[in-house]
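> Just passing along the structure, written as structure tokens.
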Amino acid sequence: MKNIRYFILAAGLILMSSCVKDPWSDVEKGDWNHERSILSIKFEGQAGTVTIENEDATTGTIDVTLLTDFISDLSKVKVEQVTYSYNAEGSVQSGEYFDFTVASPAITVKAVSGEERKYSINMTSFTESLGGVYKISHYWLWGGTGPAYNCTKLYDLYNKEANFESSTGRGIAAEKDNYIEIVFEGLTEDGNTTGTCYNWAGEDVHNCGFVYSAEKSPTKQAIDLSANYRRLPMGQSTWVRDYINNTLTFKAADGTETVCELTEAGSISLPNTPVITLTLENPALYFTLDGVDDWDNAWNDYGVIVRHPRRLYLEIEKVDGEVPEASKTVEEYVAPEPDPEPDPEPDPEPVDYSALKGMYNVYGDNSTFGLWVFGGTSDPAFVSPIEKSWDWNDSIWKESDNELAFNVKEVTETTVTGTLNYKAGTDGAYWDYVWNSTSADLSSLYGKLPHSETTFSIDIATGVVTLGDGTTATFRTPGTYKYGVDVYGEDNAKTKEVPANCIAFDFAITGDGDTSSPWTDVDRFVHGPKNYLMIFEYTGEYTEPSPLESLPGTYNVYGNNSTYGLWVFGGATDPAIVSPIGKSWVFDSTIWKESDNGLTVTVTSMEGTTVKGNVNWWSGADGAFWDYIMIAKYNKLDGTDLDLSTYYDKIPKGNTEYTLDAATMTVTFSNGNTAKLLLPGTYKYGVDVYGEDNAKTLTVNEGCFAFDFALPGYTTPNSTYAWTDFDRFAYGARNYIMIFEKTE
């Protein structure tokens, strides 16, 4: 039964297959194929490519340009290649000849389906117009930096003879007697015209060498510009004219190719602002040149011809007849004589760092100043803050008389160490680095050198100097240094000289990076500064600073509530150093008023060992002072509040005069109170009681000073008061020390 089912199924399949139409029969017959187009065609002597258009189902057109000068018989023009639609047949085949002399030349294409399309052929006769003899009537050059800022120029280089080296007869004038002979010889495979060009050197047998004169160059060296300006090959070359791209390519004998555009006579607008117009009376060969912007030479010939030439137009005027035989000369290219090799630079003398120890002033004066910024997000350059003083407030002038004490202490094979002190000059002040228009504080960029004594360390191998606060700079000794090599290249980098008898600190700095204001002061100083260079000039031998030089300034009471700047050495019995704040419960609550008080110290004169000036002892934010009252609980005399202002109210409140005897370091205030002036260091108290080795000590830290007031406390022990707060602060008080920390 199973086998019977299989038989029936197979028979059914055979019957079904016998009823289906053969799917390949239509393809083989081709009735479906109505295509009847010319896809491509190329004729002998054809210039460029043909244009083929299907106008409707039965007609089409072919537009072709033929160089008829190179076709001997227009009735027999060879069809070098023709391609039709799939399986279509045309009335002419590749390799056959076509007759262009008939009244209506046409090609018929027949599809497999039998349908036809007739292509009418429109032939244009073409003669290459470039052939002939020419002279270069004008050597037009447009170039320069900043066309948007009206900084470019249009020159006829024939009028710039003085800019080119001409002593060997190879200046720009050597081109004036040249002849350009262009010979048309045929077509390339892709339908472009081609031929030979002869750039005859003329009767002087010279071409321009394009060597820029050393006398006109800022570097005072001749510059070979032939790579940019020798665009039209000397002697014989080949040329190819591409009509589609409107280019003319010259290929010299050595294989070098240059490409230009053939520009017709007329007016050309050059994209300067405002527009510069070049008027051509004849066609010109237009070459695009290479260059770089150079704002330092934006308005001179060097900037136009050497730094940023942009376009070269060789205006060629056709002349009748042939080239005179006497002018058919060819000069072999002669490379400019290289500059003689300079004598090798002697190895630089090692820097004698010990000899740099000395006193220095900021270099120069208000016209040639020692502070420079190399900056700019675009085309960085050197600018002087002093020369742009209107950008800053009047404090910029405070920097002009500042002094640097440079103390070299040790020189090893690798490192120089010492101290330096950047001091305000006779005006007693520094530049505050405030940008005028916005009142922005730029001290993070320009306040790099501490306004006080600091240590330094120079790495001899790298020249990096590290200051005591961690700030780094490059230490410069006399010489010329390059900046912007990454922008302008080694040869065109900006330079800055550190003169003889000078040293400099070169701080790398970074602005906010805003690029919206190129070539402006705010761009140079605020947005894009790169280096801040401070140059100092030697004025004399190093002198040890007076410890009093750093005294003027503004101070706060040193420390805080746990490490305080008010101390008493007191006690008739076993005297010790104690803090009123540390014993605040002994006094009323006004003791805390002293914590935010400040002191301003000025010096008005220094004559011999006598220093005079003013101190201003002012209350802080709370507006009050300590009232010096010991509360009754701790008064061992009579159990009442005890006024200790006689001991502790020593500095007159407000502004008062003082006189300092620097020989004894004794300060006398206008109210008659006296004190010892203590500079940073460690001091001993109670030597008469404990001996030299066991005396009590108190330290005045760096950046601080102190007044030490001797107090009339008893030194005879009283067993009733021994080791009490009353004994320390009232009965046996011996010294009151007030320590102040400098804030500015």
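> Name every residue in the stretch 575-602 that is part of a strand (DSSP E or B) and free of Cβ contacts under 8 Å to residues at least 60 places away in the same chain, in order of residue number. Please lay out each step first, then the result.
Kept after step one, since they are part of a strand (DSSP E or B), are these residues of the stretch 575-602: 576-578, 587, 598-602.
Correct list: Phe587, Thr600, Val601, Thr602.
> Inside the stretch 202-220, can you point out the residues that are at negative phi, hydrophobic (A, V, I, L, M, F, W, C) and crowded, with 19+ Cβ neighbours inside 10 Å?
Pass one, the stretch 202-220, residues at negative phi: 203-204, 206-209, 211-219.
Pick out the ones that are also hydrophobic (A, V, I, L, M, F, W, C) and you get 208, 211, 214.
Matches in the stretch 202-220: Cys208, Val211.
> Now for a separate question. Just to be sure, is Asp290 under 28 Å from Tyr488 (Cβ atoms) and touching a Lys or Arg at 6+ places or on another chain (Cβ under 8 Å)? Spell out the reasoning first.
Details: under 28 Å from Tyr488 (Cβ atoms): yes; touching a Lys or Arg at 6+ places or on another chain (Cβ under 8 Å): no.
Against the criterion (under 28 Å from Tyr488 (Cβ atoms) and touching a Lys or Arg at 6+ places or on another chain (Cβ under 8 Å)), Asp290 does not qualify.
> Taking the stretch 642-665, which residues are polar (S, T, N, Q) and either open to solvent by 40 Å² or more (accessible area, probe 1.4 Å) or touching a residue at least 24 places away in the same chain (Cβ under 8 Å) (or both)?
Listed by number, the residues that qualify are Thr646, Asn655, Thr656, Thr659, Thr664.
> So, one more: Hey, can you tell me all the residues within the stretch 444-462 that are farther than 21 Å from Asp432 by Cα and open to solvent by 50 Å² or more (accessible area, probe 1.4 Å)?
Of the residues in the stretch 444-462, the ones farther than 21 Å from Asp432 by Cα are 455-462.
Hits for the stretch 444-462 are Thr455, Asp459, Ile460, Ala461, Thr462.
> Also, I was wondering about something else. How many residues, within the stretch 160-184, are closer than 23 Å to Tyr198 by Cβ and in contact with a strand residue (DSSP E or B) (Cβ under 7 Å, 6 or more places away or on another chain)?
So the answer is 10.
> Among what's in the stretch 369-391 and is open to solvent by less than 30 Å² (accessible area, probe 1.4 Å) and without any contact (Cβ under 8 Å) to a residue 60 or more places away in the chain, pick the residue that is nearest to the chain's Cα centre (by Cα).
Of everything passing the filter in the stretch 369-391, Ser384 is nearest to the chain's Cα centre (by Cα).
> Those residues that are more than 24 Å from the chain's Cα centre (by Cα), over 13 Å from Gly364 (Cα atoms) and open to solvent by less than 10 Å² (accessible area, probe 1.4 Å), I need them from the stretch 392-404; list them, please.
Ile396, Leu404
> Filter the stretch 54-80 down to the residues that are closer than 19 Å to Ile244 by Cα and not hydroxyl-bearing (Ser, Thr, Tyr) and list them by number.
The initial filter retains those residues of the stretch 54-80 that are closer than 19 Å to Ile244 by Cα, namely 62-67.
If the condition is that a residue be closer than 19 Å to Ile244 by Cα and not hydroxyl-bearing (Ser, Thr, Tyr), then Ile62, Asp63, Val64, Leu66, Leu67 are the ones that fit.
> Step by step: first the residues of the stretch 577-587, then only those that are surrounded by 16 or more Cβ atoms within 10 Å (Cβ to Cβ) and out of contact with any Phe, Trp or Tyr (no Cβ under 6 Å at 6 or more places or on another chain), then the one that is nearest to Ala632 (Cα to Cα). Which residue is that? If you could, list the steps in order and put the result at the bottom.
Restricting attention to the stretch 577-587, the residues satisfying the condition of being surrounded by 16 or more Cβ atoms within 10 Å (Cβ to Cβ) are 577-581, 583, 586-587.
The next check asks that each one be out of contact with any Phe, Trp or Tyr (no Cβ under 6 Å at 6 or more places or on another chain); those that pass are 578, 580, 583, 587.
Numbers: Val578: 20, Pro580: 16, Lys583: 15, Phe587: 9 Å.
Ranking the qualifying residues of the stretch 577-587, first place goes to Phe587.
> Looking for whichever is farther than 22 Å from Gly321 by Cα, modelled with pLDDT under 95, touching a strand residue (DSSP E or B) at 6+ places or on another chain (Cβ under 8 Å) and not polar (S, T, N, Q) here; the options are Gly209, Gly195, Gly131. Which one fits?
On the way: Gly195 fails: farther than 22 Å from Gly321 by Cα; Gly131 fails: farther than 22 Å from Gly321 by Cα.
One residue alone meets the criteria, Gly209.
> Does the stretch 149-179 hold any residues that are of a type in the set (A, V, I, L, M, F, W, C) and either open to solvent by less than 20 Å² (accessible area, probe 1.4 Å) or in a helix (DSSP H, G or I) (or both), and which are they?
Initially, the stretch 149-179 is screened for residues of a type in the set (A, V, I, L, M, F, W, C), giving 151, 154, 157, 162, 164, 172-174.
Across the stretch 149-179, the qualifying residues are Cys151, Leu157, Ala162, Phe164, Ile172, Ala173, Ala174.
> Can you tell me how many residues in the stretch 405-418 are exposed (fewer than 15 other Cβ atoms within 10 Å of the Cβ), over 25 Å from Ser550 (Cα atoms) and of a type outside the set (Ser, Thr, Tyr)?
So the count comes out to 1.
> Please pick out the residue among Glu549, Glu594 that is at pLDDT below 95 and surrounded by fewer than 18 Cβ atoms within 10 Å (Cβ to Cβ). Full working, then the answer.
Numbers: Glu594 fails: surrounded by fewer than 18 Cβ atoms within 10 Å (Cβ to Cβ).
Going through Glu549, Glu594 in turn, just one is at pLDDT below 95 and surrounded by fewer than 18 Cβ atoms within 10 Å (Cβ to Cβ): Glu549.
> In addition: Take the conditions over 30 Å from Thr65 (Cα atoms), at pLDDT 90 or above, part of a loop (DSSP other than H, G, I, E, B) and not small (Gly, Ala, Ser) and apply them to Thr145. Does it pass?
Yes: the conditions hold for Thr145.
> Got a number for residues in the stretch 246-284 being open to solvent by less than 70 Å² (accessible area, probe 1.4 Å), of a type in the set (Ser, Thr, Tyr) and under 16 Å from Met234 (Cα atoms)?
2
Rundown of residues vs (1) among the β-branched types (Val, Ile, Thr); (2) in contact (Cβ under 8 Å) with a residue 40 or more places away in the chain; (3) surrounded by 15 or more Cβ atoms within 10 Å (Cβ to Cβ), yes/no style:
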{"position": "Thr193", "(1), (2), (3)": "yes, yes, yes"}
{"position": "Cys197", "(1), (2), (3)": "no, yes, yes"}
{"position": "Ala222", "(1), (2), (3)": "no, yes, yes"}
{"position": "Met234", "(1), (2), (3)": "no, yes, yes"}
{"position": "Val240", "(1), (2), (3)": "yes, yes, yes"}
{"position": "Ile244", "(1), (2), (3)": "yes, yes, no"}
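> Another question about this same structure. Out of Thr668, Thr743, report the one residue that is open to solvent by 20 Å² or more (accessible area, probe 1.4 Å) and farther than 24 Å from Glu453 by Cβ. Quick ask: steps written out before the conclusion?
Working: Thr743 fails: farther than 24 Å from Glu453 by Cβ.
Only one candidate qualifies: Thr668.
> Looking for whichever is of a type in the set (Ser, Thr, Tyr), at pLDDT 80 or above and open to solvent by less than 90 Å² (accessible area, probe 1.4 Å) here; the options are Ser25, Ser91. Which one fits?
Details: Ser25 fails: at pLDDT 80 or above.
When all the criteria are applied, what remains is Ser91.
> Then there is this: In the list Tyr564, Tyr555, Tyr542, which residue meets the criterion of being open to solvent by 10 Å² or more (accessible area, probe 1.4 Å) and among the hydroxyl-bearing types (Ser, Thr, Tyr)? Explain how you work it out, then say what you get.
Details: Tyr564 fails: open to solvent by 10 Å² or more (accessible area, probe 1.4 Å); Tyr555 fails: open to solvent by 10 Å² or more (accessible area, probe 1.4 Å).
Checking each option against the conditions leaves just Tyr542.
> Whether any residue in the stretch 276-285 is among the small types (Gly, Ala, Ser) and either under 33 Å from the mean Cα position of the chain (by Cα) or at pLDDT below 95 (or both) is what I want to check. Even if it seems obvious, please write down each step before you answer.
Kept after step one, since they are among the small types (Gly, Ala, Ser), are these residues of the stretch 276-285: 284.
So of that shortlist, the ones also either under 33 Å from the mean Cα position of the chain (by Cα) or at pLDDT below 95 (or both) come out as none.
Within the stretch 276-285, not a single residue is among the small types (Gly, Ala, Ser) and either under 33 Å from the mean Cα position of the chain (by Cα) or at pLDDT below 95 (or both).
> Counting just the residues of the stretch 109-142 that are more than 30 Å from Asn246 (Cα to Cα) and outside any loop (DSSP other than H, G, I, E, B), which one comes out least open to solvent (accessible area, probe 1.4 Å)?
Residue satisfying both the conditions and the ranking: Val109.
> While we're on this one: Of all residues in the stretch 285-306 being under 22 Å from Phe250 (Cβ atoms) and aromatic (Phe, Trp, Tyr), which is surrounded by the fewest Cβ atoms within 10 Å (Cβ to Cβ)?
Phe287
> Restricting to the stretch 372-431, and then to whatever is in a loop (DSSP other than H, G, I, E, B) and acidic (Asp, Glu), can you tell me which residue is nearest to Tyr488 (Cα to Cα)? Outline the logic, then answer.
Initial filter on the stretch 372-431 (in a loop (DSSP other than H, G, I, E, B)): 376-380, 384-388, 393, 402, 412-414, 424-431.
Add one more test, that the residue is acidic (Asp, Glu), and what stays is 379, 387, 413, 427.
Values: Asp379: 9, Glu387: 24, Glu413: 35, Asp427: 41 Å.
Selected residue: Asp379.
> Enumerate the strands (runs of 3 or more DSSP E) found wholly within the stretch 233-293, keeping only those where 1 or more residues are under 22 Å from Cys151 (Cβ atoms) and not polar (S, T, N, Q).
Working: elements: 235-242, 247-252, 257-263, 266-270, 276-280, 284-288.
In the stretch 233-293, the matching strands (runs of 3 or more DSSP E) lie at 266-270, 276-280, 284-288.
> Give just the number: which of (1) at pLDDT below 90; (2) within 25 Å of Thr699 (Cα to Cα); (3) of a type outside the set (Asp, Glu) does Thr600 not satisfy?
Condition (1) is where Thr600 drops out.
> Also: Filter the stretch 463-518 for residues that are surrounded by fewer than 17 Cβ atoms within 10 Å (Cβ to Cβ), touching a helix residue (DSSP H, G or I) at 6+ places or on another chain (Cβ under 8 Å) and farther than 25 Å from Asp294 by Cα and give the result.
Thr477, the sole residue that qualifies.
> What are the residue pairs meeting all of these: first residue in the stretch 680-692, first residue more than 13 Å from Ile577 (Cβ to Cβ), second residue open to solvent by 50 Å² or more (accessible area, probe 1.4 Å) and not polar (S, T, N, Q), Cβ atoms under 8 Å, and 6 or more apart or on different chains?
Partner pairs satisfying both residue conditions: Pro680/Glu702; Glu692/Lys684.
The values are calculated or read from the model by the stated rules, or taken from the named source; none is laboratory data. Computed from a predicted structure; not experimentally measured. Neighbour counts run over all protein chains shown; Cβ positions are idealised from the backbone, glycine included. Protein only, heavy atoms only, side chains kept; ligands, DNA and RNA dropped before computing areas. Shrake-Rupley method; radii C 1.70, N 1.55, O 1.52, S 1.80 Å.
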